[in-house]
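*Asks:* Quick one: the structure is below, and I'll ask about it shortly.
The values are calculated or read from the model by the stated rules, or taken from the named source; none is laboratory data. Just so we're clear, the structure is a prediction, and the values are computed from it rather than from any experiment. So basically every Cβ, Gly included, is an ideal-geometry build from the backbone, and we count neighbours across all protein chains shown.
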Amino acid sequence: MTYTSPSTGSGIRLVAEREIRMRLRSKAFVISTIVLMAAVLGSIVIGNLVGSSGELTKVAASGAAAEYAESTKALDVTEVSGLDEAKQLVIDGEVDAAVVPDTASPSGFKVYGLDEAPGDVISVMSLPPSVELLGEPGQNPFLIYLVSFGFGLLFFMSALTFGQIIAQSVVEEKQTRIVEILMATLPVRVLLAGKIIGNSLLAFGQIVAVAAVAGIGLLATGQDLILAEIGPSIVWFIVFFAFGFLMLAALYAAAAALVSRTEDLGSALTPVTMIVMIPYFGVIFFKDNDLVLTIMSYVPFAAPVGMPMRVFLGTAEWWEPILSLGILIVTTAATIVVGSRIYANGLLRMGGQVKLKDALSRS
Amino acid sequence: MCHRHWLRTVGTMNPSLLEVHNVTRSYGSRAVLKDVSFAVRGGRITGFVGSNGAGKTTTMRVILGVLAPDSGSVTLDGQQLGEGQRTRFGYMPEERGLYPKMKLAEQLVYLGRLHGMSSEQAKASTDGLLERLSLTERADTLVEALSLGNQQRAQIAAALVHEPEVLVLDEPFSGLDPLAVESVLAVLKDRADAGVPVLFSSHQLDIVERLCDDLVVIADGQIRASGSREQLRSEHAKDRFELQVDGDAGWLQSEKGVTVLEFAGGYALFEVDSPATAQRVLTSALAKSPVLRFTPSQPSLATIFKEVIK
C-alpha cells in the first residue's frame, strides 16, 4: 500500500500538534502558566484593595442633612430623628460624626465631632466649586506605570519563555539526530512552520488567557472604568503580539539551528535575547518620553510593546497602529524567509557553531 | 493480526528500481561525490561498502533528498524523485535518534502519520512492528528509558512504520547485539522479498558478504565497483587459481606467465597471464604428482574490497 505524503497544511498541523502536546505534558510549563495567571489576578485584587479607602466613615444625620449625606455615597449614614439623638450616638462612639441641618451655616449643615474636627466628613459635606479642565484629562501615573510594566513584562516573559522552548525543541531534534528522519519525510519549511505555529499558538493562548483574566478580574472587582481605559490597548497588544512573536520565533529557530548541543544554545541566542529585552527596558524607562515611545512603536521588534502603550496614553493617531502593524507584518514575513533559510542550512551541520555567513549561503 | 496485515500489504508490490545518476556533491571546495551512478534493484539487498569518509552517508542523504546534489539525479522506476515522493522511503540515518521524551508507540504513530498514514493505519502498523521486534511491552515506555538494544530496534521500527517502498539504511548493524542483528536481518529480507529495493551501508564486510545480493563499492567519492556478488567475485577470480598437489609445488615459481601469491608445500595461490597458461600449469602438475585440487580462486569480499579501492 502506498501512502501519499500529507499536504503542507496537514503536515504543519501534525508537527504543531506534537509541539503543543509535548508542551502541555511538561509540568514546568503548566505550573508556570498557572503562576503567571495567579500573579496577574493577584495584582488586580491587591491594586483594588490599595486603591479603595476601605470602610466608609459612619455619620448620624437627620432631615435634609441625611438626604445630602446619602447622596454623596461617601458616608455610611445612620438616620436619626433629631440633634440630641445624633449627638448621643457620637458620644457613644457609634458613629464618627453627626450632621444636622443648620440655617445659620452658609453650607446649611452643622457637623459635630467628638474630640477632633472630622476632616473627611467636612470635605464631603462642603460644596465644591465647579471645575472645568482646559486640557486633556491627565492619567493616573500609577496606572501608567502599571500598564507599561505589564505590557513590557508580559511581552518579555512570553517571548523569552516560548522563544527558549522553540530553540530547545530545534536543538533537541538536531542533538538526537531525529532531524534527519524528519528532513527525509517533510519539507524543511513544513517542519519549521509547524514548530513556529504550534509554539506561537501556545504563547498566544497564554497571552489571551492572561488578558481575559485581567479583564474579568477588573470587572469582578468593580474597576470597570480602568478596563474601559486600558481595553483598547490590550486588544492592540494581542494583535501586535501575534505577529511580533512569529517574527521572534523564526529568529529563535534560526539561531538554534546553528548549534548542535543544548549547552551551546546560550551564546547563539544572545543576539535574539537582546532584541527581546530592548523593548522591555525601553518602555519602562521611557514611558514618559514621547519621542522614544514613537520610535519604539514603529521599530518592528519593539512595536508590540511601544504601540499599545501609545494607544493607552492616547498619543497615537487612529492610523498609526495600522501603519505600524503593516511594517511589522512585512518584517515578519521577511524574517521567516531568511530564518527558514538559516534553519534549513543549519540543521545538518553538526559539531561546532555554524557561521551565520555559511548558513545564509547555499546548503 | 496486525502483523499479518502488514505482511500482506507489502507482499503485493512489484519490484521497483532505484537509480542514482551521475550525482556530484561538494562541501565548500572539497568534492565528496564525483559522478556517482549505481542502481538498487527491487527484491534484492544491496550492500554499500566503503571506508569512513568515502561518501556513503552523503550518497544516502542525496537519495533521501535530505541533501541536494550539485548535479545529477535520483529516480525510482525511471521517475525523477521530487518533494513528497520520498515519503515512500524508509530511512535509518547513521546517527540514531528519536524524541527522548516521547513514548515509543506514540512516536512511531507520529512518524507514520507524518508519512501520510491515517491515525488508525499508523496504530495498526505500529502494533504489528512492535510485536515483530519484541517491543510490545515497551509500547508506553519513554524512548529515553529504553535499553540501548531496544532503542536500536525502535530505530528500525521508525524506518519501517509507514511500510516503505524503498529502504535506505545507514550502518543498520553497527552496535547491534547478535540477537538484534538476526531480527533486523529477518525484517530486511521480508522487505526485499516483497519487491522493495533495500540499500544498506556497512563496514562489517562479513555481514555484507552473508546478506547481500548486490554490492556497490565506493572509495574517495567514486563508485569503484557495482553489480551482483557472484559477478564481482567471478570478475576478480578469473585470472587467479589455487592448486593443491600431493607433493611439492615449488616448480610453479619458475613457470612462465605465472605469479605465485602464496606458497606452502603442496599449496599455491597464483595468478596467470592467460587461460592458456592455466591449462598448461594443470597439465604439468598432473604429469608431476596427483592433483588434489585445481580451482579458480573465489576471492573474499575483503580481498575484492582491498583491490578495488586501491
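*Asks:* For residue A:293, which of the numbered conditions (1) free of Cβ contacts under 8 Å to residues at least 40 places away in the same chain; (2) in contact with a Leu (Cβ under 8 Å, 6 or more places away or on another chain); (3) more than 23 Å from residue A:327 (Cα to Cα); (4) buried (at least 17 other Cβ atoms within 10 Å of the Cβ) fails to hold?
*Replies:* Failed condition: (3).
*Asks:* Are any of the residues in the range A:250-265 in contact with a Ser or Thr (Cβ under 9 Å, 6 or more places away or on another chain) and surrounded by fewer than 20 Cβ atoms within 10 Å (Cβ to Cβ)?
*Replies:* No, every residue in the range A:250-265 fails to be in contact with a Ser or Thr (Cβ under 9 Å, 6 or more places away or on another chain) and surrounded by fewer than 20 Cβ atoms within 10 Å (Cβ to Cβ).
*Asks:* Say we look at the range B:68-101 and pick out the residues that are in a loop (DSSP other than H, G, I, E, B), more than 19 Å from the chain's Cα centre (by Cα) and facing chain A (nearest Cβ under 7 Å); which of these is surrounded by the most Cβ atoms within 10 Å (Cβ to Cβ)?
*Replies:* Looking at the filtered set, the residue picked out is B:98.
*Asks:* Another question about this same structure. Which residue, of A:87, A:58, is closer than 30 Å to residue A:225 by Cα, basic (Lys, Arg), away from every other protein chain (no Cβ under 14 Å) and surrounded by 14 or more Cβ atoms within 10 Å (Cβ to Cβ)?
*Replies:* Only one candidate passes the filter, namely A:58.
*Asks:* Checking the condition crowded, with 23+ Cβ neighbours inside 10 Å, in contact with a helix residue (DSSP H, G or I) (Cβ under 8 Å, 6 or more places away or on another chain) and in the same structural domain as residue B:59 (by TED's automatic domain parsing), which residue from B:139, B:122 passes?
*Replies:* So the residue among B:139, B:122 that is crowded, with 23+ Cβ neighbours inside 10 Å, in contact with a helix residue (DSSP H, G or I) (Cβ under 8 Å, 6 or more places away or on another chain) and in the same structural domain as residue B:59 (by TED's automatic domain parsing) is B:122.
*Asks:* Out of the residues in the range A:305-343 that are polar (S, T, N, Q) and within 21 Å of the chain's Cα centre (by Cα), state the one that is nearest to residue A:238 (Cα to Cα).
*Replies:* Checking each candidate, the answer is A:324.
*Asks:* If you don't mind, there's one more thing I want to ask. Quick check on my filter: what residues within the range B:157-199 are at pLDDT 85 or above and charged (D, E, K, R)?
*Replies:* Once the filter is applied, which keeps residues that are at pLDDT 85 or above and charged (D, E, K, R), the range B:157-199 yields B:163, B:165, B:170, B:171, B:189, B:190, B:191, B:193.
*Asks:* Does the range A:258-279 contain any residue that is in contact (Cβ under 8 Å) with a residue 40 or more places away in the chain and closer than 21 Å to residue A:143 by Cα?
*Replies:* Within the range A:258-279, one or more residues are in contact (Cβ under 8 Å) with a residue 40 or more places away in the chain and closer than 21 Å to residue A:143 by Cα.
*Asks:* Mind listing just one residue for me: the one in the range A:101-133 that is assigned by TED's automatic domain parsing to the domain that holds residue A:77, more than 19 Å from residue A:71 (Cα to Cα) and among the aliphatic types (A, V, I, L, M) and, of those, modelled with the highest pLDDT?
*Replies:* Among those residues, the one meeting the criterion is A:114.
*Asks:* Sticking with this structure for a sec: If the requirement is being among the β-branched types (Val, Ile, Thr), on the phi < 0 side of the Ramachandran plot and surrounded by fewer than 24 Cβ atoms within 10 Å (Cβ to Cβ), which of these qualifies: B:24, B:59?
*Replies:* B:24
*Asks:* Here is a further query. I'm trying to understand the selection: among the residues of the range A:149-203, which are within 14 Å of chain B (Cβ to nearest Cβ), among the hydroxyl-bearing types (Ser, Thr, Tyr) and assigned to a helix (DSSP H, G or I)?
*Replies:* Across the range A:149-203, the qualifying residues are A:169, A:185.
*Asks:* Going by the structure shown, is residue B:46 outside any strand (DSSP E or B), of a type in the set (S, T, N, Q) and surrounded by 22 or more Cβ atoms within 10 Å (Cβ to Cβ)?
*Replies:* no
*Asks:* Select from the range B:102-124 the residues that are within 7 Å of chain A (Cβ to nearest Cβ), in a helix (DSSP H, G or I) and not hydrophobic (A, V, I, L, M, F, W, C) and list them in ascending order.
*Replies:* If the condition is that a residue be within 7 Å of chain A (Cβ to nearest Cβ), in a helix (DSSP H, G or I) and not hydrophobic (A, V, I, L, M, F, W, C), then B:110, B:113 are the ones that fit.
*Asks:* Find the helices (runs of 4 or more DSSP H) located wholly in the range B:177-277 whose residues include 1 or more that are free of Cβ contacts under 8 Å to residues at least 12 places away in the same chain and over 17 Å from residue B:300 (Cβ atoms), and list them.
*Replies:* Correct list: B:178-193.
*Asks:* Among the residues of the range B:137-158, are any away from chain A (no Cβ under 11 Å), under 21 Å from residue B:47 (Cα atoms) and either assigned to a strand (DSSP E or B) or of a type in the set (D, E, K, R) (or both)?
*Replies:* Yes, some residue in the range B:137-158 is away from chain A (no Cβ under 11 Å), under 21 Å from residue B:47 (Cα atoms) and either assigned to a strand (DSSP E or B) or of a type in the set (D, E, K, R) (or both).
*Asks:* Could I ask something else about it? Filter the range B:278-310 down to the residues that are assigned to a loop (DSSP other than H, G, I, E, B) and touching a helix residue (DSSP H, G or I) at 6+ places or on another chain (Cβ under 8 Å) and list them by number.
*Replies:* Correct list: B:297, B:298, B:299, B:300.
*Asks:* Quick check on the range B:202-216. Is at least one of its residues among the basic types (Lys, Arg), within 21 Å of the chain's Cα centre (by Cα) and over 30 Å from residue B:72 (Cβ atoms)?
*Replies:* For the range B:202-216, residues among the basic types (Lys, Arg), within 21 Å of the chain's Cα centre (by Cα) and over 30 Å from residue B:72 (Cβ atoms): present.
*Asks:* Does any residue in the range B:122-133 that is hydroxyl-bearing (Ser, Thr, Tyr) come within less than 7 Å, Cβ to Cβ, of a residue that is at pLDDT below 95 and outside any helix (DSSP H, G or I) six or more places away or on a different chain, and which pairs are these?
*Replies:* B:125/B:117; B:125/B:161; B:125/B:163; B:126/B:161
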